[in-house]
Amino acid sequence: MFKIEGVAEISEILGRWYPEDLAYIESVNLKLSKCGYHSDVEIIALFQLRGNHWPRSQEKFYRVNMFFGEVQGVELKHGGGYSQILGFEINSIRDRGLENINYEVKDYEENKIYFNCRCIKVSYLDEFYFE
C-alpha cells in the first residue's frame, strides 16, 4: 500500500480513509510554480461514508483539504456549484517507472478530474451540513 500523509488523522475522525467516500468537490486551486517546472493542486472536498442512498444531503459531511504535489496532465471538467463525484480514486503507479510520478488521481465514473502527482497530503478541516 502507498503512503498518503495525514491519513491517520482523517481515519480517526471519519472512522476510515477511503478516497471513494469523496461526495462533492467544493473548490480546486491550481498553483503554478514560479520556475515553471511543476504545479500543485489543492482540492477542498466533502466526504461522507458510503452507504444506502449516498450521498445523503441531510446528514453530516466532513470537509477535507487534499494537497497534490508536483502534478502533471491535469484535466478538470466543471459544471458550476458543488461538483458531485460518483467514483473517486487514488492509485499508486510507482511501478510504471515515471519520473517524479507516484499517484494517479481520477474520477472513474464521469471523468471530471484526472491527473498524476508525486505526493499527497490530506487534512481534516471541519464538519459541513447542507442547509
Would you mind stating whether Y82 is free of Cβ contacts under 8 Å to residues at least 40 places away in the same chain and either surrounded by fewer than 16 Cβ atoms within 10 Å (Cβ to Cβ) or charged (D, E, K, R) (or both)?
no
With respect to H78, determine if the residue is more than 30 Å from D95 (Cβ to Cβ) and in contact with a Lys or Arg (Cβ under 9 Å, 6 or more places away or on another chain).
yes
Please find, within the range 27-37, the residue that is nearest to F68 (Cα to Cα) out of those that are small (G, A, S) and at pLDDT below 90.
S33
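Residues are listed down the side, and each one gets a yes or a no for (1) closer than 21 Å to D126 by Cα; (2) modelled with pLDDT of 95 or more:
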position	(1), (2)
M1	no, no
Y18	yes, no
I25	yes, no
S39	no, no
K60	yes, yes
V64	yes, yes
Any residue in the range 8-31 that is more than 21 Å from Q58 (Cα to Cα) sitting within a Cβ distance under 6 Å of a residue that is part of a loop (DSSP other than H, G, I, E, B)? List the pairs, counting only those 6 or more apart or interchain.
I10/W17; S11/W17
Could you grab the pairs with beta carbons closer than 8 Å, sequence gap of 6+ or different chains, first residue in the range 109-131 and part of a loop (DSSP other than H, G, I, E, B) and surrounded by fewer than 16 Cβ atoms within 10 Å (Cβ to Cβ), second one basic (K, R) and at pLDDT 95 or above?
Y129/K60
For the range 25-56, the count of residues that are farther than 14 Å from Q84 by Cα and either under 13 Å from the mean Cα position of the chain (by Cα) or not in a loop (DSSP other than H, G, I, E, B) (or both) equals 8
What number of residues in the range 27-75 are under 18 Å from F130 (Cα atoms), in contact with a strand residue (DSSP E or B) (Cβ under 8 Å, 6 or more places away or on another chain) and hydroxyl-bearing (S, T, Y)?
2
Applying the selection to the range 44-67, what residues are aliphatic (A, V, I, L, M), in contact (Cβ under 8 Å) with a residue 60 or more places away in the chain and buried (at least 21 other Cβ atoms within 10 Å of the Cβ)?
L46, V64
Residues of the range 79-100 satisfying the condition of being touching an Asp or Glu at 6+ places or on another chain (Cβ under 8 Å), in a loop (DSSP other than H, G, I, E, B) and of a type outside the set (G, A, S):
Y82, I85, L86, I93, N100
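The values are calculated or read from the model by the stated rules, or taken from the named source; none is laboratory data. These numbers were taken from a predicted model, which means no experiment stands behind them. Every residue, glycine among them, receives a Cβ derived from its backbone with ideal geometry; neighbour counts consider all protein chains shown.
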